[in-house]
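Right, one structure below, let's go through it.
Derivation of every value follows stated rules applied to the coordinates shown; laboratory data play no part. Small disclaimer: the values here were computed from a predicted structure and weren't measured. A quick note on method: Cβ atoms are made from the backbone with ideal geometry, for glycine too, and the neighbour counts reach across all protein chains shown.
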Amino acid sequence: MATSIESFSSIREIAIMQLKAFKEAGGKVVGRYCAYTPTELILAAGAVPVGLCGTSEKPIPAAEEVLPRNLCPLVKSSYGFAATDTCPFFHFSDFILGETTCDGKKKMFEIMQDIKPVHVMQLPYAGLKHALEMWSEELRRLRRYLEEQFEVKINDDDIWQAIDLVNRESAALKAVCDLNQADPPLMSGKELLSVSWSRSFSTDVEEVIRMLEELSASLAASPSSKQTGLPRILLTGCPVGTGTEKVVVLAEDLGANVVAMELCSGYKTLSLQTDTSYDDPITALADKYLQIPCSCMSPNQGRLELIQQMIKDFQVDAVIDLTWQACHTYNIEAYKVGQLVRNLELPYLQLETDYSQADVESLKVRIEALLEII
Ligand code: SF4
Ligand code: SF4
C-alpha cells in the first residue's frame with residue numbers, strides 16, 4: 001500500500017514495540033530532545049536515537065513539584081515525563097543526550113541526572129571565532145563517551161555512512177515540506193506537523209526516508225484537495241508537536257492554511273546538509289550543527305534570513321510567531337522577527353502561551369483579527 005499522511009501517525013506506536021524488542025535483544029538507545037543533538041554519532045555507534053516528547057500538559061504538575069512553575073512548558077513537560085516514567089522512549093533510553101542551549105533546559109538536565117544518566121554537550125555561541133574548534137571537541141568527547149558506554153569502536157567510515165543517511169532524511173523531509181509552496185498547498189498545517197513530528201520517533205531512518213519519498217511522489221502526482229485562496233500563514237518560534245498544536249488548529253479552524261513552519265521541529269534545520277568535502281567527519285558535523293538558526297544562539301541572523309526566504313518561497317500572507325511562556329530567547333527575538341515581517345509589509349502576530357486550553361478564546365480573537373487584515 002502506498003505511503004499516506006495517515007501512515008505517519010502510527011510510527012510512534014510501532015516504534016515503541018520495536019524498541020522493546022530491540023532492548024530485550026541487547027540493543028542500545030539514546031534519548032534526545034533538541035535539534036543540536038548529533039544523531040549521526042549515535043547511529044555510527046550502532047545505537048538507536050529516539051526523540052523524546054515534551055508536548056503534553058499531563059506530566060507538568062509532577063514536574064512543578066521540583067521545577068519552578070514559571071518555566072517553559074516544554075522543559076516542564078520533558079522533566080515531568082521522566083519523573084513519572086510515563087514516556088516509553090525515555091524509559092528505554094540507556095542515557096539522555098542534552099546540550100547547553102537555553103537556561104531552563106541546561107539547568108533541568110542537572111536535576112534529570114538523578115533519574116537517568118545525562119551526557120550534556122557544552123554548546124558554544126556560533127558567532128565565536130573558535131566555536132567550530134570548541135564544538136568539534138565536544139563531538140569528539142561524545143564519540144569517546146559513546147564508545148565507552150556501549151563498548152564499541154566508532155570509525156570515521158561509520159560516521160560518514162551515518163552522515164549520508166541523515167543528509168538523505170533531511171532532503172526527503174524538505175522535499176515533502178516544499179510541496180506546500182504550491183497554491184493551493186498540498187497539505188494542511190496539521191498534516192505537515194503530523195509527518196514531521198511523527199517521523200522523529202522512528203527507529204529506522206532508512207524506512208522513514210522511503211516513506212517520505214513515497215509520500216512526496218504520491219502528493220505531487222495528484223491535484224491538491226485543499227481550498228484555494230485561503231490566507232497562507234508561516235508559523236515561527238518555539239517547537240510544536242502533536243499535543244501542542246493548538247495555534248495551528250485554531251488558525252486553520254478560522255479559515256487559514258498554515259503552509260510552513262520555521263520551527264526546529266519543522267523546517268528550521270532541513271536545508272542544512274553536512275558538507276562531505278571535509279576530510280574529518282567530526283569537523284563536518286560541527287560545522288553543520290553550528291549553522292542551526294535557534295534563538296539560543298547570539299547573534300542569530302540566520303533565522304531572520306530563513307524567515308525572509310520562507311516568506312518568499314511559500315508565498316506567505318502573514319506570520320504567527322509562537323512563544324512558549326518563559327522562553328526568553330524566542331520572546332526577545334520576536335522584536336526582530338516582527339520588525340522584519342512588518343518591513344516586508346505583512347501582518348505579524350506574536351502569541352505567548354502555554355500548553356493549557358485556558359486561553360483558547362483569547363487566542364482565537366487575536367488570530368481572527370490577524371486574518372481580517374490580510
Ligand atoms: S528551540 Fe533550539 S534549543 Fe529548543 S529544542 Fe529547538 S533547537 Fe533545541
Ligand atoms: S521553547 Fe525556549 S525555553 Fe523552551 S526548551 Fe525551547 S528554547 Fe528552551
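Odds and ends about this structure:
- Computed label-point distance, nm, for sites ASP164 and GLN113 using a 7 Å Cα→Cβ extension: 3.9
- Placing a label point 7 Å from the Cα of GLN291 along the Cα-to-Cβ direction, the residues of region 108-132 whose backbone N falls under 16 Å of that point are 126-127, 132.
- Proximal charge balance of GLY27 [Cβ under 11 Å; K/R count +1, D/E count -1]: +1
- Candidates SER200, SER295, SER222, ranked by Gaussian network fluctuation over the chain, Cα under 10 Å, top entry: SER222
- Alpha carbon Rg of region 53-201, scaled by the compact-globule rule 2.2 N^0.38 Å: 1.25
- The stretch between LYS129 and VAL365 holds 80.4 nm of extra length on full extension. This uses 0.36 nm per residue minus the Cα-Cα distance.
- For region 163-308, the orientation-averaged shadow of the C-alpha convex hull comes to 9.6 nm² (one quarter of the hull surface).
- Taking region 358-374 and a reference point 7 angstrom along Cα→Cβ of ASP183, the backbone N atoms nearer than 16 Å belong to 374.
- Relative to the longest principal axis of the Cα atoms of the chain, helix 11-24 runs at roughly 10 degrees.
- Angle in degrees between helix 189-198 and the longest Cα principal axis of the chain, rounded to the nearest 10: 0
- Maximal additional length on extending the GLN122-VAL249 stretch stands at 42.1 nm, based on 0.36 nm per residue less the C-alpha distance.
- Between GLN18 and ASP85, the simple spin-label model (points 7 angstrom out along Cα→Cβ) gives 2.6 nm.
- Over all Cα atoms in the chain, the spread is summed up by Rg and Dmax: 20.0, 60 Å.
- Modelled spin-label separation between HIS328 and SER4, with each label point placed 7 Å from Cα along the Cα-to-Cβ direction: 4.8 nm.
- Candidate lysines for bridging to LYS107, where Cα separation is under 19 Å - those fewer than 8 sequence places away on the same chain excluded: LYS76, LYS116
- Between ILE374 and ALA220, full extension at 0.36 nm per residue minus the direct alpha carbon distance yields a gain of 52.6 nm.
- FRET efficiency for the pair ARG144 and LYS312, taken as 1/(1 + (r/R0)^6) with r the Cβ-Cβ distance and R0 = 45 Å, rounds to 0.55.
- Over 25 Å between alpha carbons, listed pairs LYS20/LYS288; LYS129/LYS288; LYS190/LYS288; LYS58/LYS246; LYS226/LYS312: LYS20/LYS288; LYS190/LYS288
- Farthest toward positive dipole pole in the chain [+1 Lys/Arg, -1 Asp/Glu at C-beta], among ASN167, LEU263, ALA326: ALA326
- Relative to the longest principal axis of the Cα atoms of the chain, the long axis of helix 73-84 lies at roughly 40 degrees.
- Charge tally in the Cβ shell below 10 Å around ALA47, where Lys, Arg are +1 and Asp, Glu are -1, ALA47 excluded: 0
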